[in-house]
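Derivation of every value follows stated rules applied to the coordinates shown; laboratory data play no part. Computed from a predicted structure; not experimentally measured. A quick note on method: Cβ atoms are made from the backbone with ideal geometry, for glycine too, and the neighbour counts reach across all protein chains shown.
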Amino acid sequence: MNITAKNERQKMNIEWLLKNDNATYESLDEGRVQVVRYDTKNQQPVAAIFRDNRKDPREHYRYATIERREEAIQNQVNASKTYHQAKIDRKKNKKNANIKVGDILVTSWGYDQTNVDFYQVTKLIGKATVEYVQIGSETVEETSWCSADVKANPKVIVNSIPERGRINPYGVKIGRETGRITTTDDTHYRSWGY
């Protein structure tokens with residue numbers, strides 16, 4: 001019997017289950033689902049269903065009837081197919097944000113205050129990396145005590161040493177934040193204390 005387990009621990013668990021009387025093994029969904037079927041001493045149908053790289057069974061139950069056992073196995077096969085198709089679809093649809101040299105990025109962060117930083121893309125490196133510099137901001141309007149609406153000011157370079165960030169579907173990874181595309185006309189809320 002050829003066991004197509006995904007890892008050694010899974011294979012050991014399957015081999016141990018196959019020691020039961022009348023146990024059978026089947027590999028389904030291109031090897032992504034491993035099934036061991038057997039009956040208890042009281043003739044109750046049992047299935048141990050392994051999925052993907054899990055070392056332990058996803059399900060290991062006694063069933064009232066053989067039909068229920070087969071239904072549970074088919075449900076796991078369907079779930080596996082759905083999961084792997086969704087994974088393929090995510091990879092196909094994963095597109096990076098359309099970033100170009102000169103774009104202005106904004107990050108917003110903070111716990112009891114809202115810090116807003118602006119950056120400008122200075123260079124594209126390959127398809128998924130950019131170089132950027134931090135630029136200044138200007139206050140558009142004081143909205144209340146310790147808060148204001150601000151916008152980017154690309155004429156002021158805060159830090160001229162370029163840094164690199166990876167492009168993702170939402171913008172550019174800048175430190176722990178993601179810089180989203182903005183313009184010099186867009187305003188952003190900033191607060192700095194209470």
*asked:* Under the 0.36 nm per residue contour assumption, what length would be gained going from the current alpha-carbon distance of K155 and T40 to full extension?
replied: 33.6 nm
*Just add up the charged neighbours of T24: K/R +1, D/E -1, any other residue whose Cβ is under 15 Å from the Cβ of T24.*
-2
*Once both labels are modelled 7 Å past Cα along the beta-carbon direction, what's the A97-T143 spacing in nm?*
2.0
*Label points 7 Å out from Cα along the Cβ direction at T122 and N22: separation in nm?*
7.5
*Which loop GluC sites (Glu not before Pro) in the stretch 14-56, with loop taken from DSSP, have no more than 14 other Cβ atoms within 10 angstrom of their Cβ?*
E30
*Taking a ≥ b ≥ c as the square roots of the eigenvalues of the Cα gyration tensor of the stretch 8-93, is the shape rounded (a/c under 1.5), prolate (a/b larger than b/c) or oblate?*
oblate
*When Lys and Arg each count +1 and Asp and Glu each count -1, what net charge do the other residues less than 10 Å away from Y61, Cβ to Cβ, add up to?*
+2
*Angle, helix 66-93 long axis vs. longest principal axis of the chain, Cα atoms, 0 to 90°, nearest 10?*
30
_As an exercise, identify the trypsin sites (Lys or Arg not before Pro) in the stretch 77-139 lying in DSSP coil whose Cβ has no more than 16 other Cβ atoms within 10 Å._
K94, K95, K100, K127
*Give me the angle, in degrees from 0 to 90, between the Cα long axis of helix 8-17 and the longest principal axis of the Cα atoms of the chain, rounded to the nearest 10.*
30
